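In what follows, a single structure is set out as structure tokens and then discussed.
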Amino acid sequence: MRVRVLGCSGAIARGCRTTAFLIDSDLLVDAGTGVGDLSLEEMRAIDHVLLTHSHLDHVLALPLMADAIGSQRSSPLSVYALAGTVASLKEHIFNDVIWPDFTRIPTPQAPLVEFHEIVVGQTLSIGGKSIEVLPAVHTVPAAGYAVCTDSACWVFTGDTEHNPALWARLNQMPVDMLVIETAFSNGERDLARRSRHFSPQTLACELDQIAPGRNYPIYITHTKPAETQVIMAEVQAFDSTLSASGGVHDIRWLSAGQTFDL
């Protein structure tokens, strides 16, 4: 399984793209602005899109991508999301006001986009990969994903805050790589709490829920561009404390353009 990081920023700025991951060539996880760096040929190869939630930084490129390549496809682009996310997209984006309703264009029987409602705990089989829908705790209905093959398991939390159910499940899984958000610095921890995101302080508490003896790379994503350097320093500070006391977390930084072969 190849994971390509198209975008992993919490907002836009020069060199910053919002959340999108390309798994192999056919599966897109979230559709932030990073999708815009794909060629038309690469976009045409995507058959399936997994959305974590409805916020704009995770869905912005979906209507634009559908417009760019939809007429060149022989089958609808399959989009998987929680029922609340699907409802939000239909009401606020694919509504013939903000954007054409591609779930009915060119015809309701043969649309450019086809939504599939999913639920937490469900397992999907897509392109030879097993995908489990994981719990997330955010301001809107949200999920994370574990994308697994026979040899590897890649996990993305999506946007979330304190999430005991997630760790209970991950402690049962053979995780090879975890991508977890940390959107705000400790100085903005109250804002992080209200918007249901992590700061380095709350991230440290979450990582304490990893079962003893389990060690896998943990990649930080979704940092706000204006605070990235501060967040990095604060995470490194608590990671150093853990290492000095025998901690085992392997914390790394995610950046757009990285590719992982798992």
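Tabulated results
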{"read-out": "For Ile126, residues with placed amide H under 5 Å, excluding near neighbours", "value": "Ile131"}
{"read-out": "Inter-centroid distance (Cα atoms) of region 214-235 relative to region 93-139, Å", "value": "29"}
{"read-out": "Region 1-140, relative contact order [Cα under 8 Å, separation at least 6], %", "value": "16"}
{"read-out": "Crossing angle, helix 83-92 versus the chain [Cα axis fit, 0-90 degrees, rounded to tens]", "value": "60"}
{"read-out": "Amide H contacts of Tyr219 (H built 1.01 Å from N, under 5 Å, at least 5 apart or other chain)", "value": "Leu178, Val179, Ile180, Arg252"}
{"read-out": "Hz values of 3J(HN,Hα) by residue in region 152-169 - Karplus curve (6.51, -1.76, 1.60), Gly and Pro given as x", "value": "7, 9, 9, 10, 10, 6, x, 7, 7, 10, 3, 9, x, 5, 4, 5, 4, 6"}
{"read-out": "Nearest-ten-degree value, helix 228-244 long axis tilted from longest Cα axis of the chain", "value": "40"}
{"read-out": "Cβ-placed point charges (K, R +1; D, E -1), dipole of region 161-262 about Cα centre in debye, nearest 20", "value": "200"}
{"read-out": "Size of charge dipole - region 2-261 - debye, nearest 20, with Cβ of Lys, Arg +1 and Asp, Glu -1, no other charges", "value": "140"}
{"read-out": "Contact order normalised by residue count of the chain, Cα under 8 Å, 6+ apart, percent", "value": "18"}
{"read-out": "5 angstrom amide H check on Ile105, placed H, neighbours 5+ away", "value": "Leu112, Val113"}
{"read-out": "Charge dipole of the chain about the Cα centre (unit charges at C-beta), most positive-ward option of Tyr80, Gln122, Ala165", "value": "Ala165"}
{"read-out": "Antiparallel DSSP beta bridges within region 77-152, percent to nearest 5", "value": "65"}
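Quick note: the coordinates plus some simple rules give every number you see, no bench work behind them. Every value quoted in this text rests on a predicted model; they were computed, and no experiment measured them. Neighbour counts run over all protein chains shown; Cβ positions are idealised from the backbone, glycine included.
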